[in-house]
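Below is one structure, written out as structure tokens; comments come after it.
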Amino acid sequence: MNPETFNMTHLHFESATRLAQRIRARETSARDLLEHFLARVDRLNPALNAVVVQDRAGARAAADAADAAQARGDALGPLHGVPMTVKESYDLAGTPTTWGIPELRDNTVHTDALAIQRLKAAGAVVFGKTNVPIRLADFQSYNAIYGTTQNPWKHGATPGGSSGGSAAALAAGLTGLEIGSDIGGSIRNPAHYCGVFGLKPTWNLVPMRGHALGGVLTPTDISVIGPLARSAHDLELALHLLLPPDVIEARGLRVDLPGLTEPTRALRVAVWRTDALCPVSAAVQARVDAVARALAGQGAQVDDAARPGFEAAHSHAVFQGLLQAAMSVRFPDADFAQLVAEAAALDPADQGPAAQVLRAQTMRARDWQRLNEARTQIRWAWHRFFQQWDVVVAPVMSTTAFPQDERPFGQRSIGVDGQSLPYFSQIFWAGLAGVAQLPAVVVPGGAAPDGLPVGVQLIGPAYGDLRMVQLAQRLEALGFAFTPPPGMA
């Protein structure tokens, strides 16, 4: 690299794919690029609080090793020398994994999660971890250990959760790439609120080992891990790196995802812009419509009425039940025992939201099996639907980034065009893909009148992950692309 002729001013907003190309072309070095990102963290992170754990010594050693490997002429991985961060909930050797739980403040781990092992093997230089809400269970990202993460588009607004630190760091140009996790929209809503790309893969497609507290090895129901990025091309690169089955399954399984080979004019697009169960603001609907119009402009068949063959309320109820059951495993035994006692004391006539959550958290195995059968019926309905349609274009959340609210959940609400809705009602849009184990990609859909970004969700059939990512690439080429937040240069 010749520092006199190479300007690093805007590298922090480039894709990871492009950064790796620059390193291979010797336009910059891994160490210089790392120092560039660290300087931005020093300058911008005190106000954003997105990157909450750093291993600068380890990252510098890795960057120097990457430069030495290149100087020797060694084979270079697709992310060779690219600085990146990961969500706090992943195990990263030598750092704490807390999930925002104060009692786990000193839970330092000694091995990397499988996903991080694979990204490092591809050449990535992991220099830190990004913030989460406690137990990864909020549309915001704050906890008593690390504090509150801000949205780089607007101080005081949520960056989303639970991968809120991930999305905020990407949007602010503090990192080259990120990986998050998603059980109820935790990749998708931060991508929406911060204006970046995100992929929720098909359930159990990407191995999750090392993304669980206490060394748990069983994949959590509904939960997945996946990348967030400033470019849909980075989503594809990261997906391929994360994909191979874990060693326990690798002998008999091989992943060969279908790509998007047909032209856009041959695609059949269903648009689900709002729903009575979860109304969506006019501003967000307008950006969903903008994506639909762009696809129609390329010749795609677009339909506003096409729906899978189930009642949305039924699907949402099944999702809520399975979600609460899955997340209850995260509670300590003493806390769970208290939930069981509270559930036993419920009045059978009480069918309010809190009572329904409590029953789902403590349901019997027999009841869970019945819900799982209902889920399987929904999956088959989606399968039949995707014989006729290629993608569902839908909102991610009801509004743009809302003002941060750290009151107890029961005291929160969401304002949608003058209507006050329960705080967690917005999870409806995450549940469409979540309950049926489907892939979904979030594409930056442009700005709302308030100046904040709007993400648009592309939901595809099971194992249609690569097709949805490649459709996102086509939309990116049409202008649905990452835009840096004002003041983050």
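The values are calculated or read from the model by the stated rules, or taken from the named source; none is laboratory data. Predicted, not measured: the structure shown is a model, and the values here were computed from it. All Cβ positions, glycine included, derive from the backbone under ideal geometry; neighbour counts span all protein chains shown.
Criterion first (in the same structural domain as Gly321 (by the TED database) and farther than 20 Å from Gly309 by Cβ) does Arg407 satisfy it?
Taking the combined requirement at face value, the residue does not satisfy it.
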Of those in the stretch 67-78 that are over 26 Å from the mean Cα position of the chain (by Cα) and assigned to a loop (DSSP other than H, G, I, E, B), the residue nearest to Ala212 (Cα to Cα) is Leu76
Residues to consider are Gln377, Gln356, Gln361; find the one that is within 18 Å of His316 (Cβ to Cβ) and at pLDDT below 95. Gln356
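Residue-wise test of (1) modelled with pLDDT of 95 or more; (2) under 28 Å from the mean Cα position of the chain (by Cα); (3) surrounded by 19 or more Cβ atoms within 10 Å (Cβ to Cβ).
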| site | (1), (2), (3) |
| --- | --- |
| Thr9 | no, yes, no |
| Ala65 | yes, no, no |
| His80 | yes, yes, yes |
| His110 | yes, yes, no |
Got a sec? Which of Val280, Val284, Val288 is in a loop (DSSP other than H, G, I, E, B) and crowded, with 16+ Cβ neighbours inside 10 Å? Val280
Within the stretch 336-356, can one find any residue that is assigned to a loop (DSSP other than H, G, I, E, B) and in contact with a Phe, Trp or Tyr (Cβ under 9 Å, 6 or more places away or on another chain)? no
Of these, Ser315, Ser328, which one is over 30 Å from Leu114 (Cα atoms), among the hydroxyl-bearing types (Ser, Thr, Tyr) and in contact (Cβ under 8 Å) with a residue 12 or more places away in the chain? Ser315
If only one of Pro279, Pro263 is modelled with pLDDT of 95 or more and more than 25 Å from Gln388 (Cα to Cα), which one is it? Pro279
Just wondering, is there one or more residues in the stretch 376-384 that are under 29 Å from Thr274 (Cβ atoms) and crowded, with 20+ Cβ neighbours inside 10 Å? yes
When (1) at pLDDT 95 or above; (2) over 24 Å from Leu235 (Cα atoms) are applied to Glu14, the one that fails is (2)
Do we find that Ala121 is within 20 Å of Ser162 (Cβ to Cβ) and of a type outside the set (S, T, N, Q) in this structure? no
Among all residue pairs at least 6 apart or on different chains, which show Cβ distances below 8 Å where the first residue, located in the stretch 375-398, is among the β-branched types (Val, Ile, Thr) and the second is modelled with pLDDT under 95? none
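Picking from Ile427, Ile459, which residue would you name as being farther than 16 Å from Leu260 by Cα and either in contact with a His (Cβ under 9 Å, 6 or more places away or on another chain) or not polar (S, T, N, Q) (or both)? Give the steps one after another, and end with the answer.
Working: Ile459 fails: farther than 16 Å from Leu260 by Cα.
Testing whether each residue is farther than 16 Å from Leu260 by Cα and either in contact with a His (Cβ under 9 Å, 6 or more places away or on another chain) or not polar (S, T, N, Q) (or both) leaves just Ile427.
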Out of Ala121, Ala171, Ala144, Ala137, sole residue that is buried (at least 23 other Cβ atoms within 10 Å of the Cβ) and either in the same structural domain as Arg18 (by the TED database) or at pLDDT 95 or above (or both): Ala171
Give Asp246, Asp303 a once-over and let me know the one that is under 27 Å from Ala113 (Cα atoms) and not aliphatic (A, V, I, L, M). Asp246
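In the stretch 422-470, which residues are part of a loop (DSSP other than H, G, I, E, B), among the small types (Gly, Ala, Ser) and crowded, with 23+ Cβ neighbours inside 10 Å?
Passing the criteria: Ala436, Gly460, Gly464.
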Top-ranked residue of the stretch 37-63 - restricted to ones that are free of Cβ contacts under 8 Å to residues at least 60 places away in the same chain and under 22 Å from Ala121 (Cα atoms), ranked as surrounded by the most Cβ atoms within 10 Å (Cβ to Cβ): Arg60
In contact with a strand residue (DSSP E or B) (Cβ under 7 Å, 6 or more places away or on another chain) and of a type outside the set (Val, Ile, Thr): which single residue out of Ala300, Ala341, Ala325, Ala365 fits that description? Ala300
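Can you report the number of residues in the stretch 255-276 which are surrounded by 14 or more Cβ atoms within 10 Å (Cβ to Cβ), closer than 30 Å to Pro422 by Cβ and more than 22 Å from the chain's Cα centre (by Cα)?
Of the residues in the stretch 255-276, 2 are surrounded by 14 or more Cβ atoms within 10 Å (Cβ to Cβ), closer than 30 Å to Pro422 by Cβ and more than 22 Å from the chain's Cα centre (by Cα).
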Of the residues that sit in the stretch 82-108 and are surrounded by 15 or more Cβ atoms within 10 Å (Cβ to Cβ) and hydroxyl-bearing (Ser, Thr, Tyr), which one is farthest from Leu241 (Cα to Cα)? Thr98
